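One structure below.
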Amino acid sequence: MLHRPRRLRRTPALRELVREHRTPVDALVMPLFVVERESEAGAISSMPGILRHTLPQCVEEAKRLFSVGINAVLLFGIPAHKDAVASRNAADDGIVQRAIAGIKEAIPEMLTIADLCNCEYTDHGHCGLLDERGEVRNDESVALLATVARSYARAGVDIVAPSDMMDGRVAAIRRALDGDGFTQTAIMAYSAKYASAFYGPFREAAGSTPQFGDRRGYQMDPPNAREAMREIALDIDEGADIVMVKPALPYLDIVRSARDRFDAPIAVYNVSGEYAMMEAAFERGWLERERTVDELMASFTRAGADIIISYFAAEYARRHGRGR
Ligand code: PBG
């Protein structure tokens, strides 16, 4: 027989030699939750192994992550006070601003990425400012995000990551950053962000469940694929440095299409619900943990993602990262 594909599968070394895709630890981003009020720190029931950190714990965790090879963290703040206009989001002494500065001081080489959205900061839980009918006002919310982005930039953030899905926000944020001299602060846009059921556990973690209605008026409708290409093209046009597809597993077709069409770096977000469902299966012994996580990472890389944001980043790095 001329062709015997099994020849190259015979030993681990042969399989390594012909492996088409690898997921290096330096492609990973670990999300970190940081609380302003210490009493809110601790476990998240639907995300076993993930914690809400106090500020000092968050800096310590960043150090541990860096020591196993993780170069970037994505910060989510949980403020002590929420109100209708997300006042604490743009405060220079806000929790994310302090976390950025604290991490940068402890580990200057660690990249800090700040999720840029209002839903953790509003008492109604929506991602922007509301009109009298309870609809999210687009342009006013964008102006607020631009103000918040400047505050994160002043704190020393490397990358801001708008996750709100308002129209025109990337251009407005770029203009605001440049206007204040922050020409080197990068934008990673949540470009194709779907209105997904898989964000459930995150909303417990961040206390950001909408108090009424849902996010379907601004996040994308799950069955749409061509529209994702339009959203990504718009964000690149508006100045996004990195574009993102979110969630990951149910949307790997979108990652592949984006990879084939665009040259910009593409990030994929393996979200809280994807983490929770696997953790639930690991707990029951229904799935084998390490093999599952490795296969998961391979699927993102194979689909074409350059950057992987995942709650599994830390454990993957502990197994595959080089000690520093
Ligand atoms: C903020 C934001 C959300 C996530 C990232 N940024 C929640 C949402 O849009 O409801 C989800 C992350 C996850 O589920 O892990 N808008």
Q: Return L2, L14 ranked ascending by Cβ neighbour count within 10 Å, so the fewest neighbours appear first.
A: L2, L14
Q | Those lysines that a straight Cα-Cα span of less than 25 Å connects to K63, excepting residues fewer than 8 apart in one chain | A | K104
(Q) Beyond 14 Å, how much of the Cα-Cα pair distribution for the stretch 131-206 remains, as a whole percent? (A) 64
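Count charges around H81 for me, please; just the other residues with Cβ under 14 Å from its Cβ, Lys/Arg as +1, Asp/Glu as -1. Display every interim value, and only then the final one.
On the way: positive: R37, K82, R88; negative: E36, E40, D83, D93, E120, D123.
In short, -3.
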Q.
Loop only by DSSP, 12 or fewer other Cβ within 10 Å of the Cβ. Give me the chymotrypsin sites (Phe, Trp or Tyr not before Pro) in the stretch 224-312 that pass, ordered by residue number.
A. W286
Q) Relative contact order for the stretch 42-127 using alpha-carbon pairs under 8 Å, separation at least 6, rounded to a whole percent? A) 33
Q: Report the dimensions of the stretch 1-100 along its three principal axes from the alpha-carbon atoms, largest first, rounded to Å.
A: 72, 28, 25
Q) Could you state the number of Å between the C-alpha centres of the stretch 136-168 and the stretch 264-316? A) 28
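How big is the Rg/Rh ratio for the chain, C-alpha atoms only, Rh by Kirkwood, two decimals?
Details: Rg = 19.7 Å, Rh = 20.2 Å.
Taking Rg over the Kirkwood Rh, I get 0.98.
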**Q.** Rough spin-label spacing in nm, given labels placed 7 Å along Cα→Cβ, for L287 and D131
**A.** 4.2
Q. Expressed in nm², what is the orientationally averaged projection area of the convex hull enclosing the Cα positions of the stretch 226-321?
A. 6.5
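What is the Cα convex hull volume of the stretch 49-168 when expressed per residue in Å³? It would help to have the intermediate numbers written out before the result.
Numbers: hull volume 12.7 nm³, N = 120.
Cα convex hull per residue, to the nearest whole number: 106 Å³.
Within 10 Å of each candidate Cβ there may be at most 15 other Cβ atoms; applying that plus a DSSP loop requirement, which GluC sites (Glu not before Pro) in the stretch 90-167 survive?
Sparse-neighbourhood loop GluC sites (Glu not before Pro): E109, E132, E135.
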**Q.** the stretch 212-306: GluC sites (Glu not before Pro) in DSSP coil with no more than 13 other Cβ atoms inside 10 Å
**A.** E288
Q: Please find, in a Gaussian network model of the chain (springs between Cα atoms separated by less than 10 Å), the residue of V68, V160, V243 whose mean-square fluctuation is greatest.
A: V68
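Since every read-out is calculated from the coordinates, none of them should be taken as a lab result. Quantities reported herein were computed from a predicted structural model and do not represent experimental measurements. Positions of Cβ are backbone-derived with ideal geometry, glycine not excepted, and every protein chain shown enters the neighbour counts.
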